[in-house]
Structures are given as C-alpha cells and as structure tokens.
Amino acid sequence: MGLVLDPLEYELTRAIYSRIPGLNFSGDAVAAREAPQFCNSPLSDLRGLDWSEVTIVMPALAEKPRQRGLIIAVEGRSLSILSGMGIRPDVVVTDFDFEPEKLIGYDGVVLGHAHGDNMGIFKGYAGRMARIIPTVQSWPTGCSILPPGFTDGDRAAYIAAYMGARIIHVYGFKPDVVIKRDDAVKRAKLDVAKIFMNRVARIVDVKIY
Ligand SMILES: Nc1ncnc2c1ncn2[C@@H]1O[C@H](COP(=O)(O)OP(=O)(O)OP(=O)(O)O)[C@@H](O)[C@H]1O
Ligand SMILES: Nc1nc2c(c(=O)[nH]1)N=C(CO)CN2
C-alpha cells in the first residue's frame, strides 16, 4: 500500500487533467503497478526533511533564487541550472523528460513520476537514481506516493503543501514563456498547472516570483 496524500484532491485534479486529449491515461494504472520496483529510498528520507519553508525552482528560471528553506528542483533541467549557480537542491521532482541525464550522480531524493506515456524513459532512468521514491497518478502500491496535481511543477507544490510547508516560494513558473516546446498539449498542460498552483495557494501561502 503506497501513500495517498489527499484522495479527494487527487480525484478532483484527475477529473480536470484527464480531459486533456491525446494522452494515455489508461496506461497510468500499469505505470503505478510497475513503479515501486525502482524504489530505493525510504519515505523517512522525505519525512525527515524540514518542510516548514520551501523554495521550488522550475525550468523557466530567469535569475538566481533566494534560498529559503528546503530547495526543490523541478526536472533535471532545474537541477542543472541550480548547480551552475552553486545551489544543491534537497529534492528533485521529475518525469525524466527534461535533461534527465543531469540526475545521474545526484545524491538528493528524486521523486520520479511514472505515468502512461513515460514508462520507457522512466525505466531507463529510475534504476540509475541514487535515491528515488516513485510518484504515480493511479492508486499506489509498495513505496509509491500518489499526490494530487499533474505537471512536475504543480505536483512539487502539492507535495510540499502536504509535507507541511507553511510557505512556498516559487521561481521559474512562467506558463506564458515557451521553454521546451509549444503545442496544444503543452499549452493545455500549463493551463492545468495554473489551476493547480491556485488550488495549492488555497491551503498554503504561495509566493510566485
Ligand atoms: N514556461 C514553462 N514551460 C514549461 N514548463 C513550465 C513552464 N513554467 C513552469 N513550468 C513547469 O516546469 C515543468 C517543466 O517540465 P517540462 O517542460 O518537462 O514539462 P512536462 O510537464 O514534463 O510536460 P512535457 O514533458 O509534456 O513537455 C512543467 O511541468 C511545469 O510545471
Ligand atoms: N498519461 C500521462 N500522464 C502525464 C503526462 C502525460 O503526458 N501522459 N504528463 C505529465 C506532465 O507533463 C504528467 N502526467
């Protein structure tokens, strides 16, 4: 039995994101069954961190963030940008599709997301992580975590909120800036991310810079 952070909020977010056309949501359950075999870090590694204040860095980062509290990098891309600034994040939230190779050798906790459209890349990288706890978007088994949310960025914010953050500082969340690709699905994903960041802001103080 995995960890479900807030089942009703999960159902609400899923009702919204599963309307995005063209994605393999029926594969999410298969992904959730396979993901726990890659777990090599206990949940206590996550719970043992001080979550009271959290800084989340997303890939559209434009300037050096102020480091306040626990640092979460979104995707290998943000880990790489932060490393270049001399900042080591405590946690990386990723679905392994933006510079995943940068995660090899990283010694913090990777919250690696398995879903219906990424099992090839997930299996390719998850086994190479020093410390990984899988996240999934169907009912979890084993060590996996089922958080609400959808994109890596809003999922990171939800996880921080449920781990006990009082305040979350967010850098590089710029849904109107094109950073990796620009198509209808990507725009729909970022629209959903905006809705979910606003949902998190209902339960925790969220500052977006
Ligand atoms: N302008 C932006 N473009 C893309 N992602 C952004 C942007 N601003 C913030 N983000 C956040 O950073 C994350 C970057 O990850 P990435 O670009 O790999 O997208 P993704 O959600 O994994 O979708 P996909 O892999 O389909 O492009 C997003 O999930 C989103 O939460
Ligand atoms: N099935 C499926 N799930 C996802 C996908 C995706 O492309 N397909 N993308 C995500 C973040 O971008 C998160 N979850």
Only one of ALA201, ALA193 is within 16 Å of ligand 2 (Cβ to nearest atom) and modelled with pLDDT of 95 or more, namely ALA193
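I'd like the residue in the stretch 133-190 that is among the aromatic types (Phe, Trp, Tyr) and farther than 21 Å from CYS39 by Cα and, out of all such residues, is surrounded by the fewest Cβ atoms within 10 Å (Cβ to Cβ).
Kept after step one, since they are among the aromatic types (Phe, Trp, Tyr), are these residues of the stretch 133-190: 139, 150, 158, 162, 171, 173.
When the remaining residues are screened for being farther than 21 Å from CYS39 by Cα, the result is 171, 173.
Numbers: TYR171: 23, PHE173: 25.
Here the residue is TYR171.
Keeping to the stretch 195-209, report how many residues are surrounded by fewer than 17 Cβ atoms within 10 Å (Cβ to Cβ) and not in a helix (DSSP H, G or I). Step through it out loud before you land on a result.
Let us first name the residues in the stretch 195-209 that are surrounded by fewer than 17 Cβ atoms within 10 Å (Cβ to Cβ), namely 195, 198, 201-203, 205, 207-209.
Then drop every residue that is not not in a helix (DSSP H, G or I), which leaves 205, 207-209.
Total satisfying the criteria: 4.
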Could you figure out which of (1) of a type in the set (Val, Ile, Thr); (2) over 24 Å from LEU12 (Cβ atoms); (3) touching a helix residue (DSSP H, G or I) at 6+ places or on another chain (Cβ under 6 Å) isn't true of VAL93? (2)
Could you list all residues from the stretch 120-129 that are without any contact (Cβ under 8 Å) to a residue 60 or more places away in the chain and surrounded by fewer than 20 Cβ atoms within 10 Å (Cβ to Cβ)? GLY120, ILE121, GLY124, ARG128
Condition check for ASP117: within 15 Å of ligand 1 (Cβ to nearest atom), in contact with a His (Cβ under 7 Å, 6 or more places away or on another chain) and open to solvent by 10 Å² or more (accessible area, probe 1.4 Å): no
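Output the strands (runs of 3 or more DSSP E) that fall wholly within the stretch 82-184 and possess 3 or more residues being under 12 Å from the mean Cα position of the chain (by Cα) and either within 16 Å of ligand 2 (Cβ to nearest atom) or under 19 Å from ARG47 (Cβ atoms) (or both), or say none. Full working, then the answer.
Details: elements: 91-94, 109-114, 132-136, 167-171.
In the stretch 82-184, 91-94, 109-114, 132-136 are the strands (runs of 3 or more DSSP E) which contain 3 or more residues that are under 12 Å from the mean Cα position of the chain (by Cα) and either within 16 Å of ligand 2 (Cβ to nearest atom) or under 19 Å from ARG47 (Cβ atoms) (or both).
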Need pairs with beta-carbon distance below 7 Å; first residue away from ligand 2 (no atom under 16 Å from the Cβ) and within the stretch 59-80, second of a type outside the set (A, V, I, L, M, F, W, C) and part of a helix (DSSP H, G or I); sequence gap 6+ or separate chains. LEU61/SER78; LEU79/LYS102; SER80/LYS102
Looking at the stretch 19-55 only, could you name the residues that are assigned to a loop (DSSP other than H, G, I, E, B), within 16 Å of ligand 1 (Cβ to nearest atom) and open to solvent by less than 50 Å² (accessible area, probe 1.4 Å)? ILE20, LEU23, PHE25, GLY27
Testing GLY86 on (1) more than 23 Å from TYR17 (Cβ to Cβ); (2) surrounded by 24 or more Cβ atoms within 10 Å (Cβ to Cβ), one condition comes back false. Which one is that? (2)
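The values are calculated or read from the model by the stated rules, or taken from the named source; none is laboratory data. In this text the structure is predicted, and so the values were computed from the model without any measurement. Cβ coordinates were reconstructed from backbone atoms using ideal geometry, including for glycine residues, and neighbour counts include every protein chain displayed. The area values use the complete protein model at the heavy-atom level, side chains included, leaving out ligands, DNA and RNA. Shrake-Rupley method; radii C 1.70, N 1.55, O 1.52, S 1.80 Å.
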